[in-house]
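Report on the following structure.
The values are calculated or read from the model by the stated rules, or taken from the named source; none is laboratory data. Computed from a prediction, not measured in an experiment: that's the story for all the values here. Glycine also receives a Cβ, built like all others from the backbone with ideal geometry; neighbour counts cover every protein chain displayed.
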Amino acid sequence: MKSRGLPISHLASRTGLAPSAIRYYEDQGLVAPGRGPGGQRQFEKADIRRLSFIMIAQQLGFSISEIRAQLSTLPQGRTPTAADWRKLSATYRADLDRRIATLEKLRDDLDGCIGCGCLSLDRCRLYNPDDRAARHGAGPRYLMGDSPDADENP
């Protein structure tokens, strides 16, 4: 059986989360505290790492449902090991690499726009006359990787 006994105030102090946020994560099925004799929540020490993971994943833009799916891969009935956490984080690597590439492209394209000084919309890489980029789908298509040159030959 898992060793429990940390009150929510201890987790809040260690993670920097408000107790209400920890209770929200419990409601979302991301942590599962036991109950003490008085009905108070009792967390495992390992829940500090779990909550820290949740905070980082949210800062990276992952949704609660995505985080829940990843946390569900951790073993039940025992404290996750370093190997368990490495396996979980490996599943994020490809998505993070894709996000990094997108952010780098956005940074480079914006640097080019701000610094190009062309003052000519007909030479601008991001100019979208007649909303031609809409053919590719919703959103800022050229910043998402679609090419304005592809609009010339639809």
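Computed quantities for the displayed model
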item: Extreme residue, nearest to the chain's Cα centre (by Cα), among residues of segment 68-84 that are assigned to a helix (DSSP H, G or I) and over 21 Å from residue 99 (Cα atoms); result: 84
item: Check on residue 91, polar (S, T, N, Q), surrounded by 10 or more Cβ atoms within 10 Å (Cβ to Cβ) and at pLDDT 85 or above; result: no
item: Out of 62, 43, sole residue that is closer than 30 Å to residue 146 by Cα, among the aromatic types (Phe, Trp, Tyr) and surrounded by 11 or more Cβ atoms within 10 Å (Cβ to Cβ); result: 62
item: Where residue 29 falls short, out of the listed (1) surrounded by 14 or more Cβ atoms within 10 Å (Cβ to Cβ); (2) in contact (Cβ under 8 Å) with a residue 24 or more places away in the chain; result: (1)
item: Some residue of segment 103-121 being aliphatic (A, V, I, L, M) and either under 21 Å from residue 11 (Cα atoms) or at pLDDT 75 or above (or both); result: yes
item: Search result, residues across segment 35-84 that are in contact with a strand residue (DSSP E or B) (Cβ under 7 Å, 6 or more places away or on another chain), at pLDDT 90 or above and not charged (D, E, K, R); result: 42, 43
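Residues are listed down the side, and each one gets a yes or a no for (1) among the acidic types (Asp, Glu); (2) assigned to a helix (DSSP H, G or I); (3) surrounded by 13 or more Cβ atoms within 10 Å (Cβ to Cβ):
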residue: 66; (1), (2), (3): yes, yes, yes
residue: 86; (1), (2), (3): no, yes, no
residue: 97; (1), (2), (3): yes, yes, no
residue: 102; (1), (2), (3): no, yes, yes
residue: 105; (1), (2), (3): no, yes, yes
residue: 110; (1), (2), (3): no, yes, no
